[in-house]
1. For Asn108, which sequence-distant residues (separation of 5 or more, or a different chain) have an amide H within less than 5 Å of its own amide H, given hydrogens modelled in the peptide plane?
2. Helix-only mean residue ellipticity at 222 nm, the chain, DSSP H runs n ≥ 4 weighted -39,500 (n - 2.57), per residue, nearest 500. What is it?
3. List every residue whose amide H lies under 5 Å from the amide H of Val127, counting only residues 5 or more places away in sequence or on a different chain, with H placed 1.01 Å from N in the peptide plane.
4. So what are the ³J(HN,Hα) numbers for the stretch 171-182, from phi and the Karplus equation (6.51, -1.76, 1.60; θ = phi - 60°), rounded to whole Hz, Gly and Pro as x?
5. So, with +1 on the Cβ of K and R and -1 on the Cβ of D and E, and no other charges, what is the size of the charge dipole of the chain about its Cα centre, to the nearest 20 debye?
6. Can you give the local net charge around Asp269? Use residues other than it whose beta-carbon is closer than 14 angstrom to its beta-carbon, Lys and Arg +1, Asp and Glu -1.
7. Using Cβ counts within 10 Å as a stand-in for footprinting exposure, how do Lys159, Lys218, Lys88, Lys9 rank, fewest first?
8. Over 21 Å between C-alpha atoms is what I'm after, so list which of Lys368/Lys393; Lys308/Lys368; Lys175/Lys218; Lys9/Lys175; Lys159/Lys218 land there.
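Each value in this text was obtained by applying a stated rule to the coordinates, not by laboratory testing. Fair warning: this is a prediction, and the values are worked out from it, not measured in the lab. Heads up, the Cβs are rebuilt from the backbone with ideal geometry, glycines too, and the neighbour counts pull from every protein chain shown.
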Amino acid sequence: MNIHEYQGKQLFREAGVKVLEGVHCTTVDGALLAYDSLGSKVVAVKSQIHAGGRGKGNLYSPINNELMMEGGVKIAFSKEEVEKYATKILGNKLVTKQTGPAGKMVNNLYVESGCQIDHEYYLAILVDREKKSVLFMASTEGGMDIEEVAEKNPEAIHKIWADPIKGLIQEDAQKLAKALELSGESQKEMEEMLDSLYSLFMEKDCSMIEINPLVRSKSGEMIALDAKVSFDENAEFRHPWRNEIRDLTEEEDVEIRANDLGLSYVKLDGNIGCLVNGAGLAMASMDVIKLYGGEPANFLDIGGGATKESITAAFEIILEDPNVEGILVNIFGGIIRCDMVARSVINASEEVGLSVPLVVRFSGTNHKEGKAVLDESGMAVHTVSTLAEGARKIVEAIGDDL
């Protein structure tokens, strides 16, 4: 689950991380009132969407796709400029590297006080699953895409790890602060910020915190000028407050509906629909489809307790995507029985009027019975024994269908 910058900064404030004063707005008039209330001659007018690269993105009219303005984050030196930028940002579509060409509508704005910047840094906190630790990644090359820094100047990226049992060791925080060439009060503030962010990360069950840029002001203060925060959805039951800050307008309607049905669904850009049980198996299915030259249209995990109703809903959701030209079903029977899935596939195909090639691979509990049910059903379905065979078959079936 993602949240907006202004929401992330509120969490930062509560955790003791320094941020500038800012006001969340949804109208141009609100932006003008925000400018007056902040009492700062220079302010940043920031688009709020669930995607990075806002400053380098472009704003387009949703009506005729006309370019309205370059850059989704603007520095305003007067109230008139605030009005100009807010007018061009709100209600228009922001296209960045992370949104893709479709972009995202901007319905929220953040007007933030300015500050005198001495240097920009990059900071991210992530889960390192291989080391079973929390990873801190920082660089003196703030304001840039971290991928670009990693490619052109990898030695500028510094890392430390915090064991979830032991917590963040003070010596490690000091090591990272010094690697960023900080000293004196700035170094002390950085170490305190790392400690505060680690506590926030653990207490709120975050999956990522990214600050780009984190800045050192002319007076030596360490200030978070950005706040990109994501949460681990598996820990949602521990944090009912998340529902209050979730912005459903930033999420795909079909993904929201899938989640309500107990399905994990993410829309992609390919043409092969995937219906799989288990997140790891779903990822493997997508990889093998690509290996055989295909492109997955979605990630869809029906889970171990799928029913006829959820499988039917999964088919409906997959086929709502006009790009889908074929479907691969890959089921490993553990708790779920393959023969039950086979009957559900038949019923779902009849209900939704399936008209694209379908390939099914069963393994595990009652896989032979499941294959027999499909083979004897009379429906147009290819049954296979391995994932590789299934991926190759669906790619071929789509090719034959063109």
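1. Amide H neighbours of Asn108: Gln48.
2. Rounded to the nearest 500, it is -11000 deg cm²/dmol.
3. It is Leu135, by chain and number.
4. 5, 5, 4, 5, 4, 5, 4, 5, 5, 8, 6, 8
5. Computed charge dipole of the chain: roughly 380 debye.
6. -2
7. Lys218, Lys159, Lys88, Lys9
8. The pairs that break the limit, which is 21 Å between Cα atoms, are Lys175/Lys218; Lys9/Lys175; Lys159/Lys218.
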